[in-house]
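The values are calculated or read from the model by the stated rules, or taken from the named source; none is laboratory data. Predicted, not measured: the structure shown is a model, and the values here were computed from it. Counting neighbours? That spans all protein chains shown, and the Cβs are built from the backbone with ideal geometry, glycine included. These accessible areas exclude ligands, DNA and RNA; they are computed on the full protein's heavy atoms, side chains included. Shrake-Rupley method; radii C 1.70, N 1.55, O 1.52, S 1.80 Å.
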Amino acid sequence: LFVGLSEINYKIFCSLKQKGFKNCAFCNRTEEKVERLIEKEEVQHLPWNQIEQWPQFDIAIFGTKSPNFLVQRAPRLITCKLVIDLSIPRNVNPQIGRKAELTLLNIDQLNRA
């Protein structure tokens, strides 16, 4: 799941698509942008008003311009294994990284790797 149709999320999507990844989904505040992407690419759409369903995806990549956390806390039941927060300021509350069943990485950690 890509949250936000930012330039960085789109570049990551294109790279993954070239490597043969399928079943990608986008969730974006502006529905028209996602609809244009759906016309061009084979992607799924998670409506913005259903963003709380992010834990159902194996990987969630957040890259929006939101000034606040989009995700405050993880639900009890979670299937997501990896959350990547590429946003500044952060989209995902760092406390979520304390859940044993998932890994949370932010852009600073990725730059150091």
*With respect to Lys19, determine if the residue is of a type outside the set (Asp, Glu) and either surrounded by 15 or more Cβ atoms within 10 Å (Cβ to Cβ) or under 18 Å from Leu86 (Cβ atoms) (or both).*
no
*Can you name every residue in the stretch 7-46 that is touching a Cys at 6+ places or on another chain (Cβ under 7 Å) and either small (Gly, Ala, Ser) or within 21 Å of Ala74 (Cβ to Cβ) (or both)?*
Leu46
*the stretch 37-75, residues that are surrounded by 12 or more Cβ atoms within 10 Å (Cβ to Cβ) and over 15 Å from the mean Cα position of the chain (by Cα)*: Leu37, Ile38, Glu41, Pro75
*asked:* List pairs: first residue in the stretch 1-29 and of a type in the set (Gly, Ala, Ser), second residue open to solvent by 70 Å² or more (accessible area, probe 1.4 Å) anywhere in the structure, Cβ distance under 7 angstrom, at least six positions apart or on different chains.
replied: Ala25/Gln44
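Could you list, in sequence order, all residues of the stretch 27-68 that are closer than 20 Å to Leu104 by Cβ, in contact with a helix residue (DSSP H, G or I) (Cβ under 9 Å, 6 or more places away or on another chain) and not aliphatic (A, V, I, L, M)?
From the stretch 27-68, those closer than 20 Å to Leu104 by Cβ are 27, 46, 51-68; that's our starting set.
Applying the additional criterion that residues be in contact with a helix residue (DSSP H, G or I) (Cβ under 9 Å, 6 or more places away or on another chain) yields 27, 46, 60-64.
Cys27, Phe62, Gly63, Thr64 - these are the residues of the stretch 27-68 that are closer than 20 Å to Leu104 by Cβ, in contact with a helix residue (DSSP H, G or I) (Cβ under 9 Å, 6 or more places away or on another chain) and not aliphatic (A, V, I, L, M).
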